[in-house]
Amino acid sequence: MLDDFMTRATLAGIGVSLAAAPLGCFVVWRRMAYFGEATAHAAMLGVAISLTFEFSILAGAILVSLIMASSVTILEGRSLFLDTLLGVAGHSSIAAGLVIVSFISGVRIDLMAYLIGDILAVSNMDLLMIWIGVGIIFSLVIWRWSPLLLVTMSEDLASASGYNPKKENFVITLSLAIVVAVGIKVVGVLLIIALLIIPAASARSVASSPESMGIIAAIIGILSSILGLNSAYLFDTPTGPSIVCVASLFFFILVTVNVFFKNKI
Amino acid sequence: MLIKISSLDVKYGYKTVLKNMNLTLDSGEIVTIVGPNGSGKTTLFKAIIGAIPISKGKIYTKPNLRIGYVPQQLKIDQTLPITVERFLKLAHKNFNKSLDKIEALLGSKDLLNIQVNNLSGGQMQRVLLARALINNPEILLLDEATRGLDQPGVASFYRKIENIRNSTNCAILMISHDLHVVMSSSDRVICVNGHICCEGAPESVATSPEYKALFGSDVDGTFALYRHHHDHKHDSKIER
């Protein structure tokens, strides 16, 4: 069954959507969209370094994303504002990554595969890595769910209740780095943030609890990757952007329905 | 003794926000911190709950001290859907067992299914206080907890606080701008402006030159307001 490239692609898409859903909710609640995007851009530098020294792309992406996210967190508030810092760090990382990749001779590297993903080329090994990543993110987020929610609402309340906000924030940063790394194959570093934010944002208009928002986001993400993948196959369009287009369609429909209903009531 | 703070300094970057703070708090005490805006009152609370690093001195807290903290305000992002019930559950592992208790603390169960984002100022204050009381705290930290309440609301809030103290012997440390009420319901008042200006029984603080310098030299309106409410203080004493 796993021999079929469409089956592998579908399973990869489902995996990344599942991991992105609960995390995407936190990204939306905590207004970390720009942070997530910078983390994803940093991953491109990780990819370039991995290709240069010929080691695991996954490890390189996770490592560089984590280093970028941590240094930005440490520098935050010292001199520059967070979004400025993120803009500098994220964009210089992706630029440096692209420059480094251009130096690599011998192998012809398809840059687009890293920028917007190449889900149809997912191997069994990639699939395994994706699902291990999903497992890690799920365990982390479910284990820390309540403290993460509390820290999201108020770091001071969390401190007073005996939690360490820094530790909980690191759980988010680490999960983000992992989801970016496993998402490179599926939607690429440019679009992974879309897979985090759009399903969560769509779910917001119909959810009434944090948990239901996460579950609905997961359903929307999974439907988007299945529908996007199949339409890409049908119309011969790039897969990553097709998946994101379907997700945006969900967002548009749900927001419209929500506005329509609210006006009626 | 629940808390002992000795020669505490807190800095934000190069700016010293609190200098040489000393404070002890015992069970059943109601201690009020007054001081102008930016005088480091909230910073002191954040240091006590461990939310910010301290640059000098020591904060001793009784091991496993149960702290109930009511922040100045709680702004939850509009994108986060959460009901009051779920929010209160986050504070408490045995939530269902004491659902009755929470209803009692909230005053009703009407609020339980409302989204936290839709609460009014007064409702939010009730929810935050209920949340702080869920774990039977040994100390209650109230940071301007009466913000957004009207005059009768403020009065009944402080009656509630006194009742809590009387029934549970919980210590209460509060930051307040309601100088008139504070004076009548506190055991001790600490006047802070980056450091401790003066402290002691409410009467002695109110007449101390440091206190007068701090609040008397403030904007005229503040002083007038204080004067005005000061008249009412005697009324409320007679009531009791």
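Residue by residue through the stretch A:205-222, note down the ones that are under 18 Å from the mean Cα position of the chain (by Cα), within 11 Å of another protein chain (Cβ to nearest Cβ) and either outside any helix (DSSP H, G or I) or more than 16 Å from B:PHE87 (Cβ to Cβ) (or both). Before the answer, list the steps.
Initially, the stretch A:205-222 is screened for residues under 18 Å from the mean Cα position of the chain (by Cα), giving A:213-222.
Right, trim to within 11 Å of another protein chain (Cβ to nearest Cβ) and you get A:213-214, A:216.
Within the stretch A:205-222, A:GLY214, A:ILE216 qualify.
Name the residues in the stretch B:98-121 that are part of a helix (DSSP H, G or I) and either under 24 Å from A:THR152 (Cβ atoms) or at pLDDT 90 or above (or both), would you? Break it down stepwise before answering.
Step one: of the stretch B:98-121, the residues part of a helix (DSSP H, G or I) are B:98-106, B:110-113, B:116-118, B:121.
Once the filter is applied, which keeps residues that are part of a helix (DSSP H, G or I) and either under 24 Å from A:THR152 (Cβ atoms) or at pLDDT 90 or above (or both), the stretch B:98-121 yields B:ILE102, B:LEU105, B:LEU106, B:LEU111, B:LEU112, B:ASN113, B:VAL116, B:ASN117, B:ASN118, B:GLY121.
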Checklist entry - Would you pick out the residues in the stretch B:1-17 that are more than 20 Å from B:ARG188 (Cα to Cα) and not acidic (Asp, Glu)? => result B:VAL10, B:LYS11, B:TYR12, B:GLY13, B:TYR14, B:LYS15, B:THR16, B:VAL17
Next on the checklist: Take the residues in the stretch B:20-38 that are of a type in the set (S, T, N, Q) and in contact (Cβ under 8 Å) with a residue 12 or more places away in the chain; name whichever of them is nearest to B:LEU214 (Cα to Cα).
Outcome noted: B:THR32
Checklist entry - Mind checking which residues of the stretch B:48-76 are under 21 Å from B:MET1 (Cα atoms) and free of Cβ contacts under 8 Å to residues at least 40 places away in the same chain? => result B:GLY50, B:PRO63, B:ASN64
Next on the checklist: Residues that are surrounded by fewer than 18 Cβ atoms within 10 Å (Cβ to Cβ) and within 14 Å of chain B (Cβ to nearest Cβ): does the stretch A:88-95 have at least one?
Outcome noted: no
Checklist entry - Just checking, how many residues over the stretch A:189-204 are of a type outside the set (Val, Ile, Thr), within 14 Å of another protein chain (Cβ to nearest Cβ) and more than 8 Å from the chain's Cα centre (by Cα)? => result 6
Checklist entry - Restricting to the stretch B:45-54, what's the tally of residues that are of a type in the set (Gly, Ala, Ser) and either at positive phi or modelled with pLDDT of 90 or more (or both)? => result 2
Checklist entry - Residues in the stretch A:126-149 that are within 9 Å of chain B (Cβ to nearest Cβ), surrounded by fewer than 22 Cβ atoms within 10 Å (Cβ to Cβ) and not small (Gly, Ala, Ser): how many? => result 1
Checklist entry - Somewhere in the stretch B:21-44, is a residue within 11 Å of chain A (Cβ to nearest Cβ), under 18 Å from B:ILE139 (Cα atoms) and at pLDDT 85 or above? => result yes
Checklist outcome for this item: Across the stretch A:1-34, the tally of residues that are over 11 Å from A:ALA200 (Cα atoms) and in contact (Cβ under 8 Å) with a residue 60 or more places away in the chain stands at 17
Item to check | Criterion violated by B:GLY68 - all others in (1) modelled with pLDDT of 90 or more; (2) more than 9 Å from chain A (Cβ to nearest Cβ) satisfied | outcome: (2)
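The values are calculated or read from the model by the stated rules, or taken from the named source; none is laboratory data. Computed from a prediction, not measured in an experiment: that's the story for all the values here. For neighbour counting, all protein chains shown are included, and Cβ atoms are generated from backbone atoms with ideal geometry for every residue, glycine included.
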